[in-house]
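The values are calculated or read from the model by the stated rules, or taken from the named source; none is laboratory data. Note that the coordinates shown come from a computational prediction; the quantities given were computed from them, not determined experimentally. Heads up, the Cβs are rebuilt from the backbone with ideal geometry, glycines too, and the neighbour counts pull from every protein chain shown. The area values use the complete protein model at the heavy-atom level, side chains included, leaving out ligands, DNA and RNA. Shrake-Rupley method; radii C 1.70, N 1.55, O 1.52, S 1.80 Å.
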Amino acid sequence: MDESDAAATTPDEWVMDLAERRLWLSLLAVTSGLVPRLDDHHREHFDISHHEYTALIMIAESDNATAELSSVARRTNASLSRISHTVRRLARDGLVVLARSDRDGRATTATLTDAGAELLERAARGAMAEAQRLVFDPLTKGQQDALTRICLTLLSSWRPDDPHPWVR
């Protein structure tokens with residue numbers, strides 16, 4: 001449904017049934033509650049935000065640990081402006097180096113430095129333990145598999161032409 005279809009619906013059609021409302025509000029609570037918990041953990045232990053940690057991961061997972069900022073923005077679901085500010089802070093702290101893109105001279109790339117790789121190596125263990133505690137421990141293996149399928153379905157439907165690498 002596009003915006004014109006949405007405008008044509010009546011308020012009665014906007015109502016969710018109880019099951020949909022429960023799902024929707026639960027999903028919002030989980031997604032809005034998870035990031036602050038991860039953010040607190042990363043700041044306390046590694047003096048970086050969860051967003052900075054995620055940007056570093058996306059850069060590290062790119063070819064030669066170098067990524068264009070537009071790609072990092074897409075993969076972190078952030079605006080180019082936000083990721084530019086984030087990556088500039090990471091560069092200021094010596095975790096990445098910024099340069100013009102070889103592919104497109106108008107674009108900027110970020111390359112992970114040795115210090116950035118070191119931080120990621122230390123932070124990854126803590127981040128995985130925190131993910132285990134917050135998400136995996138409370139769920140059975142079957143629930144984890146179902147949640148994976150659901151998340152991948154949603155991601156694929158939102159960006160079929162530009163999927164996250166793990167969607168494939």
*Using Cα atoms only, what is the angle between the long axis of helix 50-60 and the major principal axis of the chain, expressed in degrees (0 to 90) to the nearest 10?*
60 degrees
*In deg cm²/dmol and to the nearest 500, what is the mean residue ellipticity at 222 nm of the chain if only DSSP H runs of at least 4 residues count, each as -39500 (n - 2.57), divided by the residue total?*
-20500 deg cm²/dmol
*Protection proxy ranking of 144-150, 35-41 - average other beta-carbon atoms within 10 Å, highest first*: 35-41, 144-150
*Which of the following values of volume of the Cα convex hull per residue in Å³ was calculated from the structure shown: (i) 115; (ii) 193; (iii) 158?*
(iii)
*asked:* How tilted is helix 18-46 with respect to the longest principal axis of the chain? Cα atoms for both, answer in degrees (0 to 90, nearest 10).
replied: 20 degrees
*With a Förster radius of 45 Å, plug the Cβ-Cβ distance of Leu98 and Arg21 into 1/(1 + (r/R0)^6) and report the FRET value to the nearest 0.05.*
0.50
*Sticking with the crude label model, points 7 Å out along Cα→Cβ, report the distance from Leu152 to Thr31 in nm, one decimal please.*
1.9 nm
*Going toward the positive end of the dipole of the stretch 27-136, with +1 on Lys and Arg Cβ and -1 on Asp and Glu Cβ, which of Ala55, Ser32, Ala117 do you reach last?*
Ser32
*Enter the angle in degrees (range 0 to 90, nearest 10) between the Cα long axis of helix 141-158 and the first principal axis of the Cα atoms of the chain, meaning the one along which they spread out most.*
90 degrees
*If you place +1 on the Cβ of every Lys and Arg and -1 on the Cβ of every Asp and Glu, how big does the dipole about the Cα centre of the stretch 1-126 come out, in debye to the nearest 20?*
500 debye
*What percentage of the solvent-accessible surface of the stretch 14-168, computed with a 1.4 Å probe over protein heavy atoms, is contributed by carbon and sulfur atoms?*
56 percent
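Which order do peptides 108-117, 93-102 fall in by mean Cβ count within 10 Å, highest first?
Numbers: 108-117: 19.2, 93-102: 15.7.
Going from most to least packed, we get 108-117, 93-102.
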